[in-house]
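The structure appears below as structure tokens.
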């Protein structure tokens, strides 16, 4: 039975320098520091209680959490994954609390990336109080490294309910809702989390953030630019431990009935119609 | 009374090198090449930019159109009374410059302002050699020793309005655009920024990367002007004091609005926080 994912919900990152990472998340990225449980610091970007967290550890062990629609969907997902031979682990009560979700299961995707399917990510009555005026409207999508895009695309689109919106060369952009993409599968010789996207309110926010990042000597790895696929105006930059973050605005919405996926050539103009060149190994050959 | 910012004439030492900048970099259409001048189109006008290698003018000339010869006659005396130098342009020269009649003026600081009537348009659309998305000549920035005094002549005699101020600088407009002329304090006699409206942020940003690839000197932006809401990209022209700028369409002017005073600080020139290498426009004094 197809696993019905509603949306991307959270990322859980590990870092050897917890103080530095928390400093980045608030002072540079602009998130609200929401709570601290033990050695884990959680951050808010929107109405949700938390969408990003850092704890002490190995940066390659990042986890991406997705929201499923119901308890029934979660049980079905656990059964499906189990049948397929994935080692599925049930989240404990305290683990649920630290994620601000009602329930979740954890497993490793076909490439070994840590994935969680969660139920009912909790929301607060108020929106996030951003640490600075970054214009962030919310955590929106992730890029995942893929050592085998055919295999991983099969997992996300056949085992799960993702749909291909566009492809740039062998890089598929997958949607979970009307939003053009929630997952980008980036061909690479590794697996795991490739980038973390936050949407901002306007193009002014993208460019103002770009200036601020430059002032703080944050490495800009792509942009400012505009993706011809989703139409989003973006800037990509490097955070702690080489993790790439993105601010973007204006991702197009897709009409499920009429939209047809497109194939773009793997060339710089397919990634940025303004002419920016990516300084990201996997996006520039 | 003022109708349209009509053209800019820029004195240059030689036509050859500078002509190619206008066609290949700025993205204008080269239309006329005479012995001492070269003309370029940006829109329906016969030309909106002229390079002048005759040596006749030392400083750039800003052409602004009025509707009628009667208006021209009317302002001739009034401008002279306010301290402008005013000369009638002989009919033969007017013909050559493709307008019916004109006054060659010098403002209080010596800027050349040409007031003209019935400047020619062309029936064929502009067909530039580079797709820079230029929509047309839209605005100029010129230097002034005393922007307040210069602006008073524009408003009192020519009917311009003050849209906003940044420090001592004054934005002057007269139509639906936020401004057409910006007077900025400058010690440079030949200082001019010739501004062309482009169709979108997309083409402006494409030019940004096109210039970076070709090492065209960007001096300001990409940025956004708080007063007009226009996104801009400013780059070097044929001489050290001449600049070109692309601008997106300005916020529409509302007659109900009061002129604002922006503080004389870099943020007032760019709300995105872009760097400026132009002292007159929020750059560090060099």
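Each value in this text was obtained by applying a stated rule to the coordinates, not by laboratory testing. On a predicted model such as this, the values are computed, not experimentally measured, just so you know. Ideal geometry is used to build each Cβ from the backbone, glycine not excepted, and the neighbour counts take in all protein chains shown.
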Report summary line: Across B:205-212, the residue-averaged tally of Cβ atoms belonging to other chains within 10 Å stands at 5
Requested in this report: For chain A, just run the numbers: alpha carbon Rg, then divide by 2.2 N^0.38 Å, N being how many residues it has.
Outcome: 0.94
Query raised in the report: What's the average, rounded to a whole number, of partner chain beta-carbon atoms within 10 Å of each residue's beta-carbon in A:203-213?
Result: 4
Requested in this report: Within 10 Å of each Cβ in peptide B:223-235, how many partner chain Cβ atoms are there on average? Round it to a whole number, please.
Outcome: 1
Report task. Only Cα pairs under 8 Å and at least 6 apart count here; give the relative contact order of region A:88-196 as a rounded whole percent. Result -> 25 percent
Query - q = 0.12, 0.14, 0.21 Å⁻¹, region A:138-285: log10 I(q)/I(0) [Debye, one scatterer per Cα] - result: -0.46, -0.63, -1.48
Query - Cα-derived Rg over Rh, computed across region A:1-111 with Rh taken as Kirkwood radius - result: 0.99
Query raised in the report: By count of other Cβ within 10 Å, fewest leading, how are B:35, A:281 ordered?
Result: B:35, A:281
**Report entry** Residue of B:153, B:26, B:61 that the Gaussian network model of chain B assigns the largest fluctuation, springs spanning Cα pairs under 10 Å
**Finding:** B:153
Query raised in the report: If r is the Cβ-Cβ distance from residue A:94 to residue B:168 and R0 is 45 Å, what FRET efficiency results, to the nearest 0.05?
Result: 0.10
Report task. Grab the beta carbon distance between residue A:170 and residue B:251, set R0 = 56 Å, and tell me the FRET efficiency rounded to 0.05. Result -> 0.80
Query raised in the report: Can you give the relative contact order of region B:155-286 as a percent, counting alpha carbon pairs under 8 Å and 6+ residues apart?
Result: 27 percent
Query - Percent RCO, i.e. relative contact order, over chain B, from Cα pairs under 8 Å lying at least 6 residues apart - result: 16 percent
Query raised in the report: With each label point set 7 Å from Cα along the Cα-Cβ vector, what nm distance links residue B:95 and residue B:1?
Result: 2.9 nm
Report task. Note down the Stokes-Einstein diffusion coefficient of chain B in µm²/s, whole number, using a Kirkwood radius over alpha carbon pairs, 10 °C, and 1.306 mPa s. Result -> 84 µm²/s
**Report entry** Equivalent ellipsoid, region B:93-151 (semi-axes from 5 times Cα gyration tensor eigenvalues, Å)
**Finding:** 28, 19, 8
**Report entry** GNM top mover of B:222, B:128, B:13 - chain B, alpha-carbon springs below 10 Å
**Finding:** B:13
**Report entry** Using alpha carbons only: equivalent-ellipsoid semi-axes of the protein assembly as shown, gyration tensor based, whole Å
**Finding:** 57, 24, 19
Query - Per residue Cα convex hull volume in Å³ - calculated over region A:168-249 - result: 101 Å³
Query raised in the report: Which of A:201, A:231, A:38 moves most in a GNM of chain A, Cα contacts under 10 Å?
Result: A:38
Report task. For region B:1-111, build the convex hull from the C-alpha positions and give me its volume per residue in Å³. Result -> 107 Å³
Requested in this report: Find the eigenvalues of the gyration tensor of the Cα atoms of region A:210-262, then list the square roots of 5 times those eigenvalues as equivalent ellipsoid semi-axes, largest first, in whole angstrom.
Outcome: 29, 11, 8
Query raised in the report: Which FRET efficiency value, to the nearest 0.05, do you get for residue A:190 and residue A:279 by plugging their Cβ-Cβ distance into 1/(1 + (r/R0)^6) with R0 = 30 Å?
Result: 0.95
Report summary line: As a percent rounded to 5, the proportion of antiparallel DSSP bridges among beta bridges in the protein assembly as shown is 65 percent
